[in-house]
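Before any comments, here is the structure.
Nothing in this text is a laboratory measurement; each read-out follows from the coordinates by a stated rule. Everything numeric in this text was worked out from a predicted model, so none of it was measured. Don't worry about glycine lacking a Cβ; one is built from the backbone with ideal geometry, like all the others, and counts go over all protein chains shown.
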Amino acid sequence: MKWRGMNNVHTALIAVFALMLSAVDAAAQINAKMYCWKNKAGKTECGDKVPYENQASAIRELNKQGVVTTRSAALTPEERKRREIVEDRHN
């Protein structure tokens with residue numbers, strides 16, 4: 001009889017753990033930011049992180065409703081060159 005009760009406790013603990021993981025994942029998705037940028041082919045791409053090769057392009061940050069909250073202008077050729085110089089020094 002005790003064994004059956006322990007089985008229910010284990011099942012309840014597993015259910016609580018799964019629920020906690022779901023809550024953590026949901027919280028992370030609520031706070032996740034979405035970015036959109038143009039790739040080298042000129043097509044708009046969106047994701048939660050801007051790829052390194054597209055970080056010099058104009059980037060829009062969207063909130064969870066899809067409304068643009070922040071815009072950053074594309075880097076000028078001079079800014080790109082300065083950025084490359086700094087990156088080369090760090091490598």
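Within the same chain, lysines fewer than 8 places from Lys49 are excluded, and of the rest, those with a Cα less than 28 Å from its Cα are Lys33, Lys38, Lys40, Lys64, Lys81.
Quantify how much of the Cα-Cα distance distribution of region 33-91 extends past 17 Å, in percent. Tail of the P(r) past 17 Å holds 43 percent of the pairs. Here the extension length gained between Ala41 and Gln65 equals 5.9 nm, from 0.36 nm per residue of separation less the Cα-Cα distance. Compared with the alpha-carbon gap, the fully stretched path from Asn54 to Ala74 is longer by 6.2 nm at 0.36 nm per residue. Near Met34, the amide H atoms lying under 5 Å from its own belong to Leu62; only residues 5 or more places off or on other chains count, and H is placed 1.01 Å from N.
Let's test the formula: R0 of 30 Å, r as the Cβ-Cβ distance of His90 and Thr11. What FRET efficiency results, to the nearest 0.05? Show your work: numbers first, answer last.
Values: r = 52 Å, r/R0 = 1.74.
For His90 and Thr11, the calculated efficiency is 0.05.
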